[in-house]
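For reference, the structure discussed in these notes is given below.
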Amino acid sequence: MLVAGDGTCQALLTMDDRAKDIAETAQPPTQADQALAFLRDRIIDLTLEPGLRIDERLLVDKFGLGRTPGREALNRLASEGFVVFRPNRGGAVVRSLDISEFEQLIEAHQFIEAVLGHRCRLATLGLVDKLRDIQSRYVPAVTERDFLRITHLNTEFHMAMHATLQNQLLHDFALSVHRRVERMLNYTYRHELLDKTRQDEQFRLNLIQHDELIESIEKGARTDFATRLLEHGKHVEYRLVNLLQRRGLNADEAVF
């Protein structure tokens, strides 16, 4: 709804309002949309490993995708930074990530979390309930070590807060960053399986930090929320950086 005041119109959308608007304007997913979501998930969960060539035969024979929606999905994945086209290799290749790109990703992640800390509309109706619902689904995903679902739910948690900014450009940028972080996290979680006790502690801490963010939102405590969000972001980055340090990568080597 729009409320006029002091000669201006201020948008005051609740979470239900936003969901209703999306439902009214959203179109059923096309075959290309479905192919995009499927292939993106296979790249994020590392089923399609970095450096793997994705050609029409793979799309049709292994994944049962049509050629046209498959090609369109690859074009969109290229724009998202997940694949690159290599004509000399006969198609698209799952993109690797080197140290410099990893550093850029960390910087972008810090930026969107800083913006969110200062601009999130904490009083948005339905936000706390939405975040608690995501938390309730996060716990069994951790128990089952369903890494793809864990990363998707983490993105959903953060994007629910970003939605309150009501800025589509910032929303799209944040979603792009979180999706790339998802692939890094899936890679990290796989390697952390060597020490499941440590991994359990990291997941437990992540859940606690999410609960603390919800508490800050519920209280309307802006400074506390921004501080905790920054600490939460640093925790995610610590897990990623710690893995790279343990692997002893050089600056010119690919992260994966």
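The values are calculated or read from the model by the stated rules, or taken from the named source; none is laboratory data. This one's a predicted model, so the numbers in the text were calculated from it and none came from an experiment. A quick note on method: Cβ atoms are made from the backbone with ideal geometry, for glycine too, and the neighbour counts reach across all protein chains shown.
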Q | Residues (over 23 Å from Arg180 (Cα atoms), among the aliphatic types (A, V, I, L, M) and surrounded by 19 or more Cβ atoms within 10 Å (Cβ to Cβ)) located in the range 99-128 | A | Leu127
Q: Taking Arg183 as the residue in question, decide whether it is surrounded by 14 or more Cβ atoms within 10 Å (Cβ to Cβ) and not in a helix (DSSP H, G or I).
A: no
**Q.** the range 42-51: number of residues that are loosely packed, with under 15 Cβ neighbours inside 10 Å and either assigned to a helix (DSSP H, G or I) or not acidic (Asp, Glu) (or both)
**A.** 2
(Q) Suppose we filter Ala174, Ala114, Ala123, Ala163 for residues that are on the phi < 0 side of the Ramachandran plot, in the same structural domain as Asp224 (by TED's automatic domain parsing) and not in a helix (DSSP H, G or I); which single one remains? (A) Ala123
Q. For the range 96-105, does any single residue satisfy the condition of being touching a helix residue (DSSP H, G or I) at 6+ places or on another chain (Cβ under 6 Å) and either at pLDDT below 95 or in a helix (DSSP H, G or I) (or both)?
A. yes
Q. Within the range 89-110, is even one residue among the polar types (S, T, N, Q) and in contact with a strand residue (DSSP E or B) (Cβ under 9 Å, 6 or more places away or on another chain)?
A. yes
**Q.** Residue list for the range 112-133, filter: free of Cβ contacts under 8 Å to residues at least 60 places away in the same chain and of a type in the set (A, V, I, L, M, F, W, C)
**A.** Val115
Q: Sort out which residues of the range 61-78 are outside any helix (DSSP H, G or I) and either farther than 17 Å from Val94 by Cβ or touching a residue at least 60 places away in the same chain (Cβ under 8 Å) (or both), and write them in order of number.
A: Gly64, Gly66
Q. Listed residues Glu218, Glu144; which is among the acidic types (Asp, Glu) and touching a residue at least 12 places away in the same chain (Cβ under 8 Å)?
A. Glu218
**Q.** Residue selected from the range 129-150 under the condition over 18 Å from Ile214 (Cβ atoms) and surrounded by 13 or more Cβ atoms within 10 Å (Cβ to Cβ), by the criterion modelled with the lowest pLDDT
**A.** Arg145
Q | Residue count for the range 135-155, restricted to those that are of a type outside the set (Ser, Thr, Tyr) and either outside the structural domain of Glu218 (by TED's automatic domain parsing) or more than 14 Å from the chain's Cα centre (by Cα) (or both) | A | 9
